[in-house]
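The values are calculated or read from the model by the stated rules, or taken from the named source; none is laboratory data. What you see is a predicted model; the values in this text were computed from it and never measured. Note: ideal-geometry Cβ built from the backbone for every residue, glycine included; neighbour counts use all protein chains shown.
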Amino acid sequence: MNLSTVLSLAAVLFKSYFRASRPGYRSPFSNPRVVILVDVVLFTASFGLISYLLPSLPSDLTILLQPVVAQAIVGLPVILTSAVILAGILFELGQTSGLASSEAVNWLPVTPQEYVIGSSVSVCFAYSLFPALAFGLTIPLALRFGMSSVIPFFVLISLLSFLWGAVIVETLRAVMNRISTSVYKRSGRFGVVLRLALLVTLLVAVQIAFNPYILYAVLSSIVSGINLAWFVPMVWPSVVVLSLLLSDNTRAAVFVLLSAVFTFLILESAAWLRVRYWSPMAVTISVSTSTVYTPKERSFLWLDSVSFSLASKELKSLSRRKDMARFLAIPIMLVIVTILPIITSGEDSQTALSGVSLLLLSEASIILPIMLSSVSIGQEGRSITNIYMLPISAEELIKGKLFHAWIISGVAVFGIAVLMQILAPVSPLQFLVTLVAIAFIVVTEGYIGLGAGSRHPDFTIGPRARYVTFTGFIIAFALGLAVTATTLLPLILYFTGFFTILIGGSISILLTIMSTIVVGMALLILARSYCKRGVEKFLSNMEV
Amino acid sequence: MDGINLESVTKSFGSKVAVRDLTLYVAPGEIHGLLGPNGSGKSTTMKMVMGIVKPDRGQINLFGADVLHRPVEAKRLVGYVPELPYLYEYLTPSEYLDFIGTAYHIDVKTRRERVDELLEALQMREHINEVMSGFSQGMKQKIAITASLLHRPKALILDEPLNGLDPRSVRIVKDILQRLTGEGVAVLFSTHVLEIAEAMCHKITIMSEGTILAEGTMQELRSKAGMPGSTLEDTFLKLTGSEDTEKIVEALKL
């Protein structure tokens, strides 16, 4: 194995890994030296902050903190491994198929072992902020609670765990490449649906896993269950740290040895899997075994045949492109992130849920339609040429592009509204006004998103692609926020009792409904005009 | 006026003038070759004819339809193959061609007939229900060509359409173009393969740095270059001032 090959490969892969994500493009952070500097700054800042805060903590809190610090130090190696694996998987999911392979390496004189180590080191570099921050937070705590003798071993074994995560990502890449290819090839349309369901489930699972409540529970269980799970290689570094804390040096030495053997084994396995599976196969996925062309032409609701055809294409894009699956996971994640802490907090959840009900609905009715509509132009990538070359009018494009945004957002927001009505009921009339308001918001936000997305599209297709520029994103959300606040104003005035004081209780709900409709219609007309002008300007000149 | 007309068209990207005061006419039934070194403005010219890129100045007219003011109407008359086949790779050819056919308002019966005959000719029928992400460049190019011909256009804008095609498909596409010009279709065609241009084009325009260097039939170009009896390659290299290729290769010390 040639070390200089490994290091230069790691540097190249790191740069391509970093620059492949849009925010890092042309950024100084794609330079490994800058990343090291940032890590050092982050470590020093977090170390300094904790060291500064520790002496001012009350003594009773300090006593409570000691077992938590021990848990953190023991659990950190496993958490670092998991964090890299999760980040690596999410990166892979964000990639389009066109970027999924690194074929060039296959015809260069690089051994599989050199590639695997180089690639793993580059992944470690990409996520080096994790250990920098983790060490900056835990080392001063370990020093404060008399665990200083363990620190050098703890740091080294944690870095080894971090590397394991990167090597496991490398293994998973090869396996995922083969599995997705095989599943796709054999199961056709069913495979498409299955993959979408798996992607959405995985994204939601990641969100749950990083919920603070869940994280704390996991951390506690790692430490308490470590002796039971000693046979799982992933926890061996944690066993080493635990053994050192308990001054059981023999046990620590055994598990260090086992960890070294495991490192060798996973490196060899990853190299073997790369040789065996990595070379990308030409994937031919048949959605039907028929070789007969059966033309289809449909219209639906307000969609003529051209708009329907566009809408159908958008839905296929969402369901067949793995980089688009995250947009379908948003409503589920949104509900979980908001509701889970309340339900798991053990407090009076119905009161708490009533408090967040309108907030959650407003969040969903802003985020979903704006996300889906603002990215609908940029996600076309270079294929946007098709839209330009075809005789498609601005009106047809708007209808076709907004259909999926409205339907998905509408169904999701309505589902959330019904869920919240079950968990924290309000009167039927209040529920009706809420539905009217969010219906207006969803439609209007769709127009705003497409208006901003057509003015500020980002056609870069790659990992973590945004499909709308940062400026477009800010404009869309600022306008979206203003629209939501204005549309909900009558409802807020009703809930705060303003209308009741003004005109009496019996007709205040009617005033709320009427004013919601008037405000909603006015904003909808303005947003539609904003959207139409943006799309017309966009269609007049291609700037890809 | 019939055919493809460009009058005094100029397009700049920032300070770079991509096309400068270009006037060009492609008559119905004519295959007009657009040649030039990389970056000479060929693709930009084609995109402007398609109404994809807006010129800064000038007029573009396609069979009577003003591209700048009536772009949707103009696009109905023209078929386009871009320099790279930017297809929707998550769709199957069947789904993609349905989308294209619907956009051109081709009725279902005609669409079935056209797709069947074109895919049969280009040997793509068996791939009709496969997702295109697994296709080779040539296969994608065949689908792009099929899409451009689906609606029986009056004009064809073909930016290096034979890239990646196998010899049989090249021959078929050449024959299709000859037949279409016989029916009055105007074809604006760019290629870097000068033998193909020489064999296919009725007229040739050589562009460099956004302007026309020379224009005319093969005979007229040879006369302009002062090289009677020469090949288009020699004529092209002479006119574009890049005939010193031997010296460059010698300097490489290979």
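Among (1) at pLDDT below 80; (2) farther than 30 Å from residue A:320 by Cβ, there is one condition residue A:262 misses while meeting the rest; what is its number?
The failed condition is (1).
Can you find even one residue in segment B:221-244 that is out of contact with any helix residue (DSSP H, G or I) (no Cβ under 7 Å at 6 or more places or on another chain), under 25 Å from residue A:389 (Cβ atoms) and not in a helix (DSSP H, G or I)?
Checked against the condition, which is being out of contact with any helix residue (DSSP H, G or I) (no Cβ under 7 Å at 6 or more places or on another chain), under 25 Å from residue A:389 (Cβ atoms) and not in a helix (DSSP H, G or I), segment B:221-244 yields no hits at all.
Do the conditions hold for residue B:17, that is, is it modelled with pLDDT of 90 or more and either touching a helix residue (DSSP H, G or I) at 6+ places or on another chain (Cβ under 7 Å) or more than 24 Å from residue B:103 (Cα to Cα) (or both)?
Yes; evaluated as a whole, the condition is true for this residue.
Looking at segment A:452-466, can you tell me whether even one residue there is surrounded by 21 or more Cβ atoms within 10 Å (Cβ to Cβ), closer than 18 Å to residue A:409 by Cα, of a type outside the set (Gly, Ala, Ser) and more than 22 Å from the chain's Cα centre (by Cα)?
No, every residue in segment A:452-466 fails to be surrounded by 21 or more Cβ atoms within 10 Å (Cβ to Cβ), closer than 18 Å to residue A:409 by Cα, of a type outside the set (Gly, Ala, Ser) and more than 22 Å from the chain's Cα centre (by Cα).
Only one of these is part of a loop (DSSP other than H, G, I, E, B) and hydroxyl-bearing (Ser, Thr, Tyr): B:94, B:133, B:40. Name it. Give the steps one after another, and end with the answer.
On the way: B:94 fails: part of a loop (DSSP other than H, G, I, E, B); B:133 fails: part of a loop (DSSP other than H, G, I, E, B).
Checking each option against the conditions leaves just B:40.
Residue check: is residue B:138 modelled with pLDDT of 90 or more and not assigned by TED's automatic domain parsing to the domain that holds residue B:37?
Values: modelled with pLDDT of 90 or more: yes; not assigned by TED's automatic domain parsing to the domain that holds residue B:37: yes.
So residue B:138 fits the description; yes.
Hey, among A:409, A:393, which residue is within 30 Å of residue B:90 (Cα to Cα), within 14 Å of chain B (Cβ to nearest Cβ) and out of contact with any His (no Cβ under 8 Å at 6 or more places or on another chain)? Outline the logic, then answer.
Details: A:409 fails: within 14 Å of chain B (Cβ to nearest Cβ).
When all the criteria are applied, what remains is A:393.
If you go through segment B:43-74, how many residues are β-branched (Val, Ile, Thr), part of a loop (DSSP other than H, G, I, E, B) and in contact with a strand residue (DSSP E or B) (Cβ under 6 Å, 6 or more places away or on another chain)?
Of the residues in that region, 1 qualify.
Could you say whether any residue in segment B:41-57 is touching a Gly at 6+ places or on another chain (Cβ under 7 Å) and in the same structural domain as residue B:187 (by TED's automatic domain parsing)?
Within segment B:41-57, one or more residues are touching a Gly at 6+ places or on another chain (Cβ under 7 Å) and in the same structural domain as residue B:187 (by TED's automatic domain parsing).
Return the residues of segment B:176-217 that are touching a helix residue (DSSP H, G or I) at 6+ places or on another chain (Cβ under 9 Å) and farther than 16 Å from residue B:32 by Cβ; say none if nothing qualifies.
Matches in segment B:176-217: B:176, B:195, B:208, B:210.
Could you check segment A:434-465 and list, in sequence order, the residues that are among the basic types (Lys, Arg) and either touching a strand residue (DSSP E or B) at 6+ places or on another chain (Cβ under 7 Å) or part of a helix (DSSP H, G or I) (or both)? Steps first, please.
As a first pass, look at segment A:434-465 and keep what is among the basic types (Lys, Arg): A:455, A:464.
A:455 - this is the single residue of segment A:434-465 that is among the basic types (Lys, Arg) and either touching a strand residue (DSSP E or B) at 6+ places or on another chain (Cβ under 7 Å) or part of a helix (DSSP H, G or I) (or both).
Which of (1) free of Cβ contacts under 8 Å to residues at least 60 places away in the same chain; (2) of a type in the set (A, V, I, L, M, F, W, C); (3) more than 13 Å from chain A (Cβ to nearest Cβ) is the odd one out, the single condition residue B:131 does not satisfy?
(3)
Check off (1) over 15 Å from residue B:211 (Cα atoms); (2) more than 8 Å from every other protein chain (Cβ to nearest Cβ); (3) more than 15 Å from the chain's Cα centre (by Cα); (4) in a loop (DSSP other than H, G, I, E, B) for residue B:89 and give me the number that stays unchecked.
So residue B:89 meets the others, but not (2).
Condition check ((1) within 7 Å of chain A (Cβ to nearest Cβ); (2) crowded, with 22+ Cβ neighbours inside 10 Å) across all residues:
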site	(1), (2)
B:103	yes, yes
B:107	no, no
B:112	yes, no
B:117	no, no
B:120	no, no
B:126	yes, no
B:138	no, no
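Quick one: residue B:35 ticks every box in (1) within 13 Å of chain A (Cβ to nearest Cβ); (2) touching a residue at least 12 places away in the same chain (Cβ under 8 Å); (3) of a type in the set (A, V, I, L, M) bar one, so which box is it?
(1)
So how many residues does segment A:386-433 have that are small (Gly, Ala, Ser), under 30 Å from residue B:68 (Cβ atoms) and assigned to a helix (DSSP H, G or I)?
Summing the residues that are small (Gly, Ala, Ser), under 30 Å from residue B:68 (Cβ atoms) and assigned to a helix (DSSP H, G or I) in segment A:386-433 gives 2.
Please verify whether residue A:380 is within 14 Å of chain B (Cβ to nearest Cβ), acidic (Asp, Glu) and under 17 Å from residue A:527 (Cα atoms), treating the condition exactly as stated.
no
Does residue B:83 count as more than 7 Å from chain A (Cβ to nearest Cβ) and assigned to a loop (DSSP other than H, G, I, E, B)?
yes
Report those helices (runs of 4 or more DSSP H) wholly inside segment A:127-243 carrying at least 2 residues which are modelled with pLDDT of 85 or more.
A:129-144, A:151-209
Could you list all residues from segment B:92-101 that are under 15 Å from residue A:392 (Cβ atoms), within 8 Å of chain A (Cβ to nearest Cβ) and touching a residue at least 12 places away in the same chain (Cβ under 8 Å)?
Within segment B:92-101, B:98, B:100, B:101 meet the criteria.
Applying the selection to segment B:38-67, what residues are within 9 Å of chain A (Cβ to nearest Cβ) and farther than 27 Å from residue B:232 by Cα?
B:50, B:51, B:52, B:53, B:54
Yes/no matrix, rows are residues, columns are (1) buried (at least 24 other Cβ atoms within 10 Å of the Cβ); (2) in contact with a helix residue (DSSP H, G or I) (Cβ under 8 Å, 6 or more places away or on another chain); (3) of a type in the set (Val, Ile, Thr); (4) free of Cβ contacts under 8 Å to residues at least 12 places away in the same chain:
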{"residue": "B:50", "(1), (2), (3), (4)": "yes, yes, no, no"}
{"residue": "B:65", "(1), (2), (3), (4)": "no, yes, no, no"}
{"residue": "B:69", "(1), (2), (3), (4)": "no, no, no, yes"}
{"residue": "B:73", "(1), (2), (3), (4)": "no, no, no, yes"}
{"residue": "B:81", "(1), (2), (3), (4)": "yes, yes, yes, no"}
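How about segment A:308-336: which of its residues are among the hydroxyl-bearing types (Ser, Thr, Tyr) and touching a residue at least 40 places away in the same chain (Cβ under 8 Å)?
A:309, A:317, A:319
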